[in-house]
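Report on the following structure.
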Amino acid sequence: MVKPKLHTRTLKGTHVKYYLYIPPKIKADLRIFITVHGWSRNALEHANGYLPFAATYGVVMVAPLFENDEFPQFQRLGHSARKGRADHTFDSIISEVSSETGAMGDRLYLFGFSGGGQFVHRYTMAYSNRVARVVLGAPGWYTFPDPTQPFPMGIGPGKRLPDIHPDPHRFLKVPTKIMIGELDIRRDHHLNTSRIIDRAQGTNRMERATRWVQAMNAAARGCNFRTRYKIDVLPNSEHSFTSCMENGGMGEKVFRFLFGKRP
């Protein structure tokens, strides 16, 4: 078997790097899997971790790198961006990849870990018509389906991103699962520990995931949707991409949820 090859690319007209895998057999219904890193910016680790799964399932894989100097708070889509918004850059990468490979850029399969999970669920809320299925790996905090709170706390109009208008009748239809390590209950230095977030969402990632899932399920029921948001607790796993992959079997579980059984 030929070892799958990972490419390093730079988005045209920018300095933004991303990692790319293209399966050897290009099909008419070629799908795109995108994995988004967290605060550690370990995009290459994500790409290498998911590479064998992308090769097995025959999907294009993209792992964008949101450098801190350009996207200090990429997880909020465009909040405090210095050289462009993360959501717009993300779209440009997908457009470039779709153009090169012929893959379906309008039905994305998304994963994000920690800060990447924040980006992914907010992107899904804002651009739900482009998202097929989603897995969130232990986000630190969430955007709740509350129209009375401004984005990114809720889905109401926000001053920093006035063009973002999440529509619950769209984003509540996207199948979504959270995966979080059973040991991920610590308040580490990357966790948002503001009093507002603590009171509204809980004091650790497990509590916040639980409250968000409850709120999203209630909102889906209110719209008469059958979407079910669930949490998959990964055994013997901490708040670490490596720990969740090696101890919790996250890679296999992510691809099974997004794409079904192994081919």
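A few comments on the model shown:
- Unit charges at the beta carbon, dipole of segment 1-140: most positive-side option, PRO64, VAL135, LEU77: VAL135
- Segment 93-108 and segment 36-78 have Cα centres lying 16 Å from one another.
- Each part reduced to its alpha carbon centroid, segment 193-257 and segment 134-179 end up 14 Å apart.
- Each residue of segment 157-171 was assigned a 3J(HN,Hα) from its phi angle through the Karplus curve 6.51 cos²θ - 1.76 cosθ + 1.60 (θ = phi - 60°); the sequence is x, x, 5, 7, 10, x, 8, 8, 9, x, 10, x, 6, 9, 6 Hz, with glycine and proline shown as x.
- Between 0 and 90°, nearest 10: helix 250-259 axis offset from the chain longest Cα axis: 80
- Projecting the Cα atoms of VAL254, MET104, ILE94 onto the charge dipole of the chain, computed from C-beta unit charges around the Cα centre, puts MET104 farthest toward the positive end.
- The stretch between GLU252 and THR203, if pulled fully straight at 0.36 nm per residue, gains 14.7 nm over its current Cα-Cα span.
- Relative to the longest principal axis of the Cα atoms of the chain, the long axis of helix 86-101 lies at roughly 30 degrees.
- Simple point charges give the picture: +1 on the Cβ of Lys and Arg, -1 on the Cβ of Asp and Glu, and for segment 101-222 a dipole about the Cα centre of about 100 debye.
- Placing unit charges on each Cβ (+1 for Lys and Arg, -1 for Asp and Glu) gives segment 7-254 a dipole about its Cα centre, and among MET216, TYR21, GLN118 the Cα reaching farthest toward its positive end belongs to MET216.
- Inter-label distance, nm, simple model (7 Å from Cα along the C-beta direction), ASN192/HIS88: 2.2
- Seen from CYS244, the other residues with C-beta closer than 14 Å to its C-beta sum to a net charge of -4, counting Lys and Arg as +1 and Asp and Glu as -1.
- The residues packed around ARG186, meaning those with a beta-carbon under 15 Å from its beta-carbon, carry a net charge of -3 if Lys and Arg are +1 and Asp and Glu are -1.
- 3J(HN,Hα) couplings calculated from phi for segment 172-179 with the Karplus curve 6.51 cos²θ - 1.76 cosθ + 1.60 (θ = phi - 60°) are, in sequence order, 6, 8, 7, x, 9, 9, 9, 10 Hz; Gly and Pro show x.
- In percent, rounded to a whole number, the relative contact order of segment 17-95 is 30, using alpha-carbon pairs under 8 Å and six or more apart.
- Quotient of Cα Rg and 2.2 N^0.38 Å for the chain, N being how many residues it contains: 0.94
- Residues with amide H under 5 Å from that of VAL16, placed H, sequence gap 5 or more: LEU11
- Across the alpha-carbon atoms of segment 180-224, the computed radius of gyration and Dmax are 12.3, 39 angstrom.
- Its Cα centre serving as origin, the chain has a Cβ charge dipole (Lys and Arg +1, Asp and Glu -1) of approximately 520 debye.
- Cα-based helix-to-principal-axis angle, 205-222 vs the chain, degrees rounded to 10: 80
- Value of D in µm² per second that Stokes-Einstein yields for segment 92-215, Kirkwood Rh from Cα pairs, at 25 °C (0.890 mPa s): 161
- Other-chain or far-sequence residues with amide H under 5 Å of VAL131's (modelled H): LEU108
- Listed by chain and number, the lysines placed with their C-alpha closer than 18 angstrom to that of LYS253 are LYS177, LYS230, LYS261; residues fewer than eight positions away on the same chain are left out.
- Relative contact order for segment 7-254: 15 percent, from Cα pairs under 8 Å spaced at least 6 residues apart, divided by residue count.
- Put simply, the Cα atoms of segment 1-88 extend 44, 26, 20 Å along their principal axes, the longest span coming first.
- Charge dipole of segment 1-106 (Cα centre as origin; +1 on each Lys and Arg Cβ, -1 on each Asp and Glu Cβ, all else neutral): 220 debye, rounded to the nearest 20.
Just so you know, all these numbers are worked out from the coordinates, no wet-lab data involved. Everything quoted here is computed from the prediction, not taken from an experiment. Glycine gets a Cβ as well: all are built from the backbone with ideal geometry, and neighbour counts include every protein chain shown.
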